[in-house]
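The structure appears below as structure tokens.
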Amino acid sequence: MKYSLIKNAFGLLALISFPVLFAGCEQDAKFKAYVYPTAEVSEMYPKLGYAAEKVTFTGTNFGDRKEALKVAFGGVAVSNILSCNNNCVVVEVPEGAVAGDVTLQTWNNEPITVGTFKVYPTPVIEEIFSHNTEYGSNMAIEGDLVTIKGANFGTDKKLVEVKFNGTVAPIESLVDEQIVVKTPAYKSGLVTVTIRPEANANSITLTGTGLMDPQATGDVTSIFLQNSVAPFSPSGAVNTWAIATGWHTSGGFVGANTLLFTEENPDGLFVLECWNNGKKENAKIYQVATLPKGDYKFTLNFVEIVKEAGRFGVHFVIAEGDETIPNLVANGDKFDDTDENTAKVKASYAVTGSMDPHTKEISLHLDETKQLTIGFVTQLNNKGTVKLSAIRIDREMPNDNQD
């Protein structure tokens, strides 16, 4: 009976205390929603350009949190905010942006219109070729005409500049889809086109394929091969692995990741491998190039070669013709003699087991200009990898100057 009275007393005390505590909470807690100040923009520059143009906003109350900032060009949201502080914001004009109002929003404030931006269609280079009939489309001597095809070049010669490895080439004619220039006295190398959409606007520079002086010697890799020397250029999103831009593939290489980026090799490695998946049975990765007559040295820089298990064969091949790399026999240690392309091989190098890192030089002599397929054929079905940092081409003294 005594326990029951004590229990009831505590229960009554709890009932009396609860409203008091609740009232105390209501009285003491004075929560206030924070109102973020509205951004004020004093200047936006530039006000015209291409997609990926860097645009700066100056003003106040931008804050310093990128995630709290939204910017749009013609209704297309910016995905790349390069920097953000309370007085200055720098963003990149998004792909697909259209001419129109530029809006800026901070936190939950209403978006404000800060100006208009004129978006120009992005120019592109599709093809570059020389009109030299003696040496071919990727060779040009001083005075030769060279055509650059593409889109969105404009029509004002004063706003377009073409350079052959840094040397300005005079423009003969210009329409929006085509530029014709006269070859200057130049050193072999890449062709660049710099375009300004209108006077006082920022310019954009496009890099095309290379052209070579027929008498040139030394490193000519960039003229004949794309993306074969670090730093490598990936296709698609890059994490650790990516697809190598510019290379054609067949078999197990179709859609396969062939570039590896690591802390030790931030410029990337060219990788041919199978590791429990991605089996490659006569899978090929290659490019096609036309080399003029002369003597060449191909240099392969191998960073790692490991055969741990299974079938393993990786052959570097230079074969005459278009897409003419032959198949390997099943164990991968030699070419298949029944393949008609085997007879078209001009030079090759076989990797058929684990090796130390090394550099391999391969000589090639051409009596006349030849179309060549340059690349690899592989037999990999379990655990094996080949990693390279470079596939380079050097041209030695032209035939005409040799005894």
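Overall shape: oblate for the chain, with the ratio a/c of the largest to smallest alpha carbon gyration tensor axis at 1.5 or above and b/c at least equal to a/b. You can think of it this way: the chain between residue 349 and residue 171 has 59.7 nm of extra reach, that is 0.36 nm per residue less the Cα-Cα gap.
Considering only protein heavy atoms, what per residue accessible area in square angstrom results for the chain with a 1.4 angstrom probe?
Values: 21100 Å² over 403 residues.
Result: 52 Å² per residue.
Lysine pair count for region 292-384 (Cα-Cα distance under 23 Å; residues 8 or more apart in sequence or on different chains): 21. For the chain, calculate the relative contact order in percent as a whole number, restricting contacts to Cα pairs under 8 Å that are 6 or more residues apart. Computed over the chain, the figure is 12 percent.
Sorting 126, 304 by accessible area puts them as 126, 304; the probe is 1.4 Å, largest comes first, and only protein heavy atoms count. Bridgeable aspartates and glutamates around residue 158 (alpha carbons under 19 Å apart, same-chain partners fewer than 8 residues away excluded): 172, 176, 177, 198. Excluding same-chain neighbours fewer than eight residues apart, the aspartates and glutamates reachable from residue 280 by a Cα-Cα span under 19 Å are 304, 308, 323, 333, 336, 339. What is the spin-label model distance, in nm, from residue 329 to residue 299 if the labels are put 7 Å beyond Cα along the C-beta direction? Between residue 329 and residue 299, the label points sit 3.4 nm apart. Quick check: the distance between the Cα centres of region 297-338 and region 205-247, to the nearest angstrom? So the separation of the two Cα centres works out to 22 Å. Taking only protein heavy atoms and a 1.4 Å probe, the accessible area of the chain is 49% carbon and sulfur.
Accessible area per residue was computed with a 1.4 Å probe on protein heavy atoms; residue 346 scores about 90 Å². To the nearest ten degrees, helix 2-28 and the longest principal axis of the Cα atoms of the chain are 70 degrees apart.
Assign one of three labels to region 263-399, namely rounded, prolate or oblate, based on the Cα gyration tensor with a ≥ b ≥ c the square roots of its eigenvalues; rounded applies when a/c is under 1.5, prolate when it is not and a/b is larger than b/c, and oblate otherwise. Verdict is oblate for region 263-399.
The values are calculated or read from the model by the stated rules, or taken from the named source; none is laboratory data. Quick caveat: nothing in here was measured; it's all calculated off a predicted structure. Glycine also receives a Cβ, built like all others from the backbone with ideal geometry; neighbour counts cover every protein chain displayed. The area values use the complete protein model at the heavy-atom level, side chains included, leaving out ligands, DNA and RNA. Shrake-Rupley method; radii C 1.70, N 1.55, O 1.52, S 1.80 Å.
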